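J.: Questions regarding the structure given below will be posed in turn.
The values are calculated or read from the model by the stated rules, or taken from the named source; none is laboratory data. Treat the numbers as computed from the prediction; the structure is a model and nothing was measured. Here the Cβ positions follow ideal geometry from the backbone for every residue, glycine too, while neighbour counts run over all protein chains shown.
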Amino acid sequence: MIRVLLADDEAVVRAGVRAILGAAPDIEVVAEAGDGREVLDLARAHRPDVALLDIRMPVLDGLGAAVELRRAQPQVAVVVLTTFSEDEYVAAALDAGASGFLLKSGDPYELMAAVRAAHNGAAYLSPPIARRVIEVGGGLLGRRSAARQRIARLSPREREVLALVGAGLSNAEIGERLYLVEGTVKAHVSAVLNRLEVRNRVQAAVLAHEAGLVEHSAHGTGG
């Protein structure tokens, strides 16, 4: 079971999200928080796999909670769930180490997909957010020409790994695709993040899209 800590200051929203995730046979909501400070206390007590955080909460907001949670318990993946899609919120969430960014107005099944992706070490963005991040990529990670210059420092194998990270695959799925053990994939991913000087897989995925790697990878592997 994927253990989820759910945080939102509105009880009605928490109830709705809990009901959606409760329909998944492999996901369990183990704790609910009404503010960011409570997130940290409950995370220590319940050891969740994924923390699903609203951005605007009292005492400590979701972004602050994400930063502190990633520092204290880096094994907990963070997914942000919010009504706010402004660029600064998206950028701040990615900088805070979030593995996903979802809009409350999105498809309920995105919740399940995002939780599973985060638990598997992959990244997940709501489609409108993914499009927006790529559109403003010049402000976040550089234009396509700049992105291609950055990935030029990678080895051929690292570029393959980056392309599959951009396609949303987990380490295990990348290993299956490239016939590598998961530990080797993890080492490649770490090397890619370091060489590209990005903080997390989401930023690496955006860079892969900016450079055109994802489209090339899909064509080259037959989809």
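J.: May I ask you to verify whether VAL133 is crowded, with 21+ Cβ neighbours inside 10 Å, at pLDDT below 90, assigned to a helix (DSSP H, G or I) and β-branched (Val, Ile, Thr)?
T.: So VAL133 passes the test.
J.: If you scan the range 68-114, which residues turn out to be of a type in the set (D, E, K, R) and either under 22 Å from ASP35 (Cβ atoms) or not assigned by TED's automatic domain parsing to the domain that holds ALA43 (or both)?
T.: Within the range 68-114, GLU68, ARG70, ARG71, GLU86, GLU88, ASP95, LYS104 meet the criteria.
J.: Now, a different point. Within the range 77-86, track down each residue that is within 16 Å of the chain's Cα centre (by Cα) and surrounded by fewer than 18 Cβ atoms within 10 Å (Cβ to Cβ).
T.: If the condition is that a residue be within 16 Å of the chain's Cα centre (by Cα) and surrounded by fewer than 18 Cβ atoms within 10 Å (Cβ to Cβ), then SER85 is the only one that fits.
Let's see how each residue does on (1) modelled with pLDDT under 90; (2) not in a helix (DSSP H, G or I):
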site: GLY121; (1), (2): yes, yes
site: ARG157; (1), (2): no, no
site: GLY168; (1), (2): yes, yes
site: VAL214; (1), (2): yes, no
site: GLY223; (1), (2): yes, yes
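J.: Does any residue of the range 69-76 turn out to be surrounded by 18 or more Cβ atoms within 10 Å (Cβ to Cβ), in a helix (DSSP H, G or I) and at pLDDT 85 or above?
T.: Within the range 69-76, the subset surrounded by 18 or more Cβ atoms within 10 Å (Cβ to Cβ) is 69-70, 76.
In the following step, the residues that additionally are in a helix (DSSP H, G or I) were identified as 69-70.
If we keep only those that are at pLDDT 85 or above as well, we get 69-70.
Yes; the residues of the range 69-76 include at least one that is surrounded by 18 or more Cβ atoms within 10 Å (Cβ to Cβ), in a helix (DSSP H, G or I) and at pLDDT 85 or above.
J.: Also, I was wondering about something else. If you check LEU63, LEU42, LEU5, LEU94, which single one turns out to be touching a strand residue (DSSP E or B) at 6+ places or on another chain (Cβ under 6 Å), part of a helix (DSSP H, G or I) and either on the phi > 0 side of the Ramachandran plot or surrounded by 15 or more Cβ atoms within 10 Å (Cβ to Cβ) (or both)?
T.: Numbers: LEU63 fails: touching a strand residue (DSSP E or B) at 6+ places or on another chain (Cβ under 6 Å); LEU5 fails: part of a helix (DSSP H, G or I); LEU94 fails: touching a strand residue (DSSP E or B) at 6+ places or on another chain (Cβ under 6 Å).
That would be LEU42, the only listed residue that is touching a strand residue (DSSP E or B) at 6+ places or on another chain (Cβ under 6 Å), part of a helix (DSSP H, G or I) and either on the phi > 0 side of the Ramachandran plot or surrounded by 15 or more Cβ atoms within 10 Å (Cβ to Cβ) (or both).
J.: For the range 192-199, check the following and say yes or no: at least one residue is surrounded by fewer than 24 Cβ atoms within 10 Å (Cβ to Cβ), assigned to a loop (DSSP other than H, G, I, E, B) and touching an Asp or Glu at 6+ places or on another chain (Cβ under 9 Å).
T.: Yes, the range 192-199 has at least one match.
J.: Mind listing just one residue for me: the one in the range 28-39 that is over 11 Å from VAL4 (Cβ atoms) and over 20 Å from the mean Cα position of the chain (by Cα) and, of those, surrounded by the most Cβ atoms within 10 Å (Cβ to Cβ)?
T.: In this case the residue turns out to be ALA33.
J.: Could you check the range 7-50 and list, in sequence order, the residues that are small (Gly, Ala, Ser) and over 16 Å from LYS104 (Cβ atoms)?
T.: Correct list: GLY22, ALA23, ALA24, ALA31, ALA33, GLY34, GLY36, ALA43, ALA45.
J.: Sticking with this structure for a sec: Which condition number in (1) in contact with a strand residue (DSSP E or B) (Cβ under 8 Å, 6 or more places away or on another chain); (2) crowded, with 16+ Cβ neighbours inside 10 Å; (3) not in a loop (DSSP other than H, G, I, E, B) is the one that PRO48 fails?
T.: Unmet for PRO48, out of (1) in contact with a strand residue (DSSP E or B) (Cβ under 8 Å, 6 or more places away or on another chain); (2) crowded, with 16+ Cβ neighbours inside 10 Å; (3) not in a loop (DSSP other than H, G, I, E, B): (3).
J.: Scan (1) part of a helix (DSSP H, G or I); (2) crowded, with 19+ Cβ neighbours inside 10 Å for the single condition ARG18 breaks and write down its number.
T.: The one condition ARG18 does not meet is (2).
J.: Could you tell me how many of the residues in the range 77-119 are of a type in the set (D, E, K, R) and modelled with pLDDT of 85 or more?
T.: Total satisfying the criteria: 4.
J.: I'm told VAL79 meets every condition in (1) touching a residue at least 12 places away in the same chain (Cβ under 8 Å); (2) in a helix (DSSP H, G or I) except one. Can you identify the failing condition by its number?
T.: Only one criterion in (1) touching a residue at least 12 places away in the same chain (Cβ under 8 Å); (2) in a helix (DSSP H, G or I) is unmet by VAL79, namely (2).
J.: Scan the range 21-39 for residues that are assigned to a strand (DSSP E or B) and either without any contact (Cβ under 8 Å) to a residue 12 or more places away in the chain or small (Gly, Ala, Ser) (or both) and report the count. Even if it seems obvious, please write down each step before you answer.
T.: Applying the first criterion (assigned to a strand (DSSP E or B)) to the range 21-39 yields 27-33.
From what is left, the residues that are either without any contact (Cβ under 8 Å) to a residue 12 or more places away in the chain or small (Gly, Ala, Ser) (or both) are 31, 33.
Residues flagged as assigned to a strand (DSSP E or B) and either without any contact (Cβ under 8 Å) to a residue 12 or more places away in the chain or small (Gly, Ala, Ser) (or both) within the range 21-39 amount to 2.
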